[in-house]
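One structure below.
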Amino acid sequence: MVVDKVNIPFIGRKTEIFVEFFLFGVLMGIVEDLIAIFVSTGEPITPKIVMIASLVAVPFAGFSELIVDRFNFGQHLRS
């Protein structure tokens, strides 16, 4: 619902939605990776670990957002 309340006219509606969900995906990916690293290895969370989790999360967030934005489930099921 946050997407409906934000209006940035100079970047366009599709780009605005992409950026918002991309940032959310990156944050969730980093948190997920940090939890997995801590639980599986017991390593303390350091800035280096956060950087590694960020480097892993960014491409996956971008890729998944592009897949979700471009794939029309209903259209492909009917074909």
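Results, tabulated for the structure shown:
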item	result
The stretch 37-48, residues that are exposed (fewer than 12 other Cβ atoms within 10 Å of the Cβ) and part of a helix (DSSP H, G or I)	39, 40, 41, 47, 48
Hey, residue 15 exposed (fewer than 11 other Cβ atoms within 10 Å of the Cβ) and at pLDDT 75 or above or not	no
In the stretch 51-70, residue farthest from residue 14 (Cα to Cα) [restricted to those that are at pLDDT 90 or above and in contact with a helix residue (DSSP H, G or I) (Cβ under 7 Å, 6 or more places away or on another chain)]	53
Test for residue 28: is it at pLDDT 90 or above, part of a helix (DSSP H, G or I) and within 9 Å of the chain's Cα centre (by Cα)	yes
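The values are calculated or read from the model by the stated rules, or taken from the named source; none is laboratory data. Quick caveat, the model's predicted, so the values are computed rather than measured. When we count neighbours, we look across all protein chains shown, and the Cβ atoms used for this are built from the backbone with ideal geometry, even at glycine.
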